[in-house]
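These notes are about the structure you will find just below.
The values are calculated or read from the model by the stated rules, or taken from the named source; none is laboratory data. Keep in mind it's a predicted model, so treat the numbers as computed, not measured. Reconstructed Cβ throughout: ideal geometry from the backbone, glycine too, with neighbour counts over all protein chains shown.
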Amino acid sequence: MRQLDRKLGMLSSLPMVIILLIAFLVPVVVVALFSIMPPKVFSLANTPDFSAYTVFFSQGYYKSLLWSLGMAFASTAILIIVCWPLAYGMAKVFGRFTLVLTIAVVMSLFVSENIRLFGWVLTLMKGGLIEGHLRAWTGVGFDSPLYGVPSIIFGLVYVYLPFMLFPLAQGIAMVPDDARQAAADLGATRWQVLTQIDIPLAAPGIVVGSLLSFVLAAGAVAESKILGGQAVIAIADDVETAFTFGQNWPLGSALSMILILIIGGLALLGVSRIDLDAIMGRER
Amino acid sequence: MTDAALLRLRGVVKNFGDFTALHGINLDIQEGEFFTIVGPSGSGKSTLIRLLVGMDDISAGKIMLRDQRIDQMPANFRPTCMVFQSLALFPHMTVGQNIEFPLKLRKELPVERRERALELLDLLRLPQSFYDKRISQCSGGEKQRVALARALAFDPEILFFDEPLSALDYRLRKALEKELKDLHARTGKTFVYITHSLEEAMVMSDRIAIMKDGKIEQIAAADEIYSAPVSRFVAEFMGEVNLFEVTSLDGTSLQSNSLTIAKGITQSTFSVGDKGLLMVRPEDVQFAEGNDSFDYMLKGKIHAEFALGSRIQYEVEADGKILTVETLREGRIQDPEGMQVTLGFNAAKTHLIGDT
């Protein structure tokens, strides 16, 4: 029976495995091969050198990478704090209202990210929705908060909120109420219940939400372009420039590979630490 | 006696919106006793225990622990502790970490915590190797013991139990009932236990309170509740029972359908026309043979037979109703169905209940 289950499972996963091989693994292999080609070639039939990787260090591309990773880290940390109360409410308090909230958050995804970000530009820019009205009514204006690192991080938090919120709510829903009550009964304060019961038991949700928002934020480009006015350059922006404007595929490939390896490593580390079966609602 | 009570409840009321779950509960629990609250589901016993441990707020009344009001105190400040129906063990911690949890909250040193946890494993008869086991590796009975050890580590003034044995299979439940009683004797702690199972209550408790519809029907020692229930509800809740609806004829004798009861049992204040219930337990009714003499005798016909293991139960049509008779296995009747029999019982084995 177990044997049969196993075979059926493998067969069922076959279509997905084939799609992943063709649509995901093959492009990654091509990019990996291009990354070791000499500069500005458009064919894999060249002698490999690793010049593109030395450019990463010599021409300061590592700064873009550090900015991207740093901003992704900051936005993920902010997202955990911002989403926790909301996710807790969705999982334990709101009841039927949770559905309304879910639909509202999902609806925001129906509008293109760029359009939503430009909406924020119109809201926040000098003479925009907020500053413009304030100046018209009171005569006192203020400098636009746009075009800096904080506004980019704000954009990342805003855009990737759903990717943190839903896994987190799922994680918190897995914390049994009686475990929380038992901890309080045994003398735990609210803070102790949070740190010793809620957070450890919701860990799968926290890890999944963090991975999703971190990975997406690290590869994001629109926020730094639109809200950041390119105050800092994101690594994904460098990759795009190398492939298009720079016509340097090996450089773009090398930058991509570095990002893929770092993010892939973090993702594996995160997933290995948690019980994915638990969050999928399966008993072990 | 009430002065020495450890826990005192006075007029405790709990409302959920328009619904009143508890109607003014008065209760005194003595230090060191094993007190059980029994009732069917919906009787309010779970609501009551949630108020006692501080998981819900009372609507009116007072709860006093050693003459100090605790009803407004949050659960984490109360010196009491509960073993949950689900046990509520922390799945992300080892057995040892679970037991040490209350000690860790009090910032006790790791060495002392470990020592206490190992002592408690010994007390609960679990091997010390369990200290590093994961909760998911423990069996149902082992989890019970871990939950108990964790509650004892807290060193509560009163240990509450919310039907912790109800999810276990029959044999394990029986074994743990005895163990719990033994643990009560060894620790000398005050145990307050709630259950819907009369059997569980009878095995373990010093005193029992029977609850119905948010009120306490009777509080007494197990034996007394069994032999002298105050109402039809308690009589029927405490196992199989035969009840004769009786009317007082003249203050000294009572009349049911076919039975006139005169001897000795009408000591209570019945006036003419008052109604009551005469109770006799199935094991106190016997089949009369030959010259056997009983205070009361009835003719009837055996309707059905059930083998209960060590005993046999018969349903007998008599006095216009079905009576239950229980005998030991030796007294089994061959081919009983439809047989005409005479039933007999003695006045000393009966009990008169005032209300109907």
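Hey, any hits in the range A:181-195 for a residue that's within 25 Å of residue A:101 (Cβ to Cβ), within 14 Å of another protein chain (Cβ to nearest Cβ), among the aliphatic types (A, V, I, L, M) and free of Cβ contacts under 8 Å to residues at least 40 places away in the same chain? Within the range A:181-195, one or more residues are within 25 Å of residue A:101 (Cβ to Cβ), within 14 Å of another protein chain (Cβ to nearest Cβ), among the aliphatic types (A, V, I, L, M) and free of Cβ contacts under 8 Å to residues at least 40 places away in the same chain. In the condition set (1) at pLDDT 90 or above; (2) more than 14 Å from the chain's Cα centre (by Cα), residue A:227 is compliant with all but (1).
Condition check for residue A:173 on (1) closer than 15 Å to residue A:83 by Cβ; (2) more than 14 Å from chain B (Cβ to nearest Cβ); (3) within 17 Å of the chain's Cα centre (by Cα): one failure, at (3). Of the numbered criteria (1) at the interface with chain B (Cβ under 10 Å from one of its Cβ atoms); (2) surrounded by 23 or more Cβ atoms within 10 Å (Cβ to Cβ), the one residue A:201 fails is (2).
Residues checked against (1) within 14 Å of chain A (Cβ to nearest Cβ); (2) among the hydrophobic types (A, V, I, L, M, F, W, C):
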position	(1), (2)
B:55	yes, yes
B:65	no, yes
B:79	yes, no
B:85	yes, no
B:90	yes, yes
B:95	no, yes
B:103	yes, yes
B:109	no, yes
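Elements of the type strands (runs of 3 or more DSSP E) sitting completely within the range B:182-288 and holding at least 1 residues that are within 22 Å of residue B:33 (Cα to Cα) and either over 12 Å from the mean Cα position of the chain (by Cα) or modelled with pLDDT of 85 or more (or both): these cover B:190-195, B:207-212, B:215-221. In this structure, residue B:36 does not qualify as within 13 Å of chain A (Cβ to nearest Cβ) and either over 18 Å from residue A:182 (Cα atoms) or free of Cβ contacts under 8 Å to residues at least 60 places away in the same chain (or both).
In the condition set (1) more than 14 Å from chain B (Cβ to nearest Cβ); (2) over 12 Å from the mean Cα position of the chain (by Cα), residue A:209 is compliant with all but (2).
Residues are listed down the side, and each one gets a yes or a no for (1) on the phi < 0 side of the Ramachandran plot; (2) surrounded by 15 or more Cβ atoms within 10 Å (Cβ to Cβ); (3) among the charged types (D, E, K, R):
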{"position": "A:83", "(1), (2), (3)": "yes, yes, no"}
{"position": "A:119", "(1), (2), (3)": "yes, no, no"}
{"position": "A:138", "(1), (2), (3)": "yes, no, no"}
{"position": "A:153", "(1), (2), (3)": "yes, yes, no"}
{"position": "A:180", "(1), (2), (3)": "yes, yes, yes"}
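The selection criterion, being farther than 28 Å from residue A:175 by Cα, of a type in the set (Ser, Thr, Tyr) and without any contact (Cβ under 8 Å) to a residue 60 or more places away in the chain, does not hold for residue B:136.
If we scan the range B:333-345, do we find a residue that is within 19 Å of residue B:226 (Cβ to Cβ), at pLDDT 80 or above, crowded, with 18+ Cβ neighbours inside 10 Å and of a type outside the set (Asp, Glu)?
Yes, that holds for at least one residue.
Could you please let me know if residue B:168 is in the same structural domain as residue B:104 (by TED's automatic domain parsing) and assigned to a loop (DSSP other than H, G, I, E, B)?
Here the answer is yes, as residue B:168 does meet what is asked.
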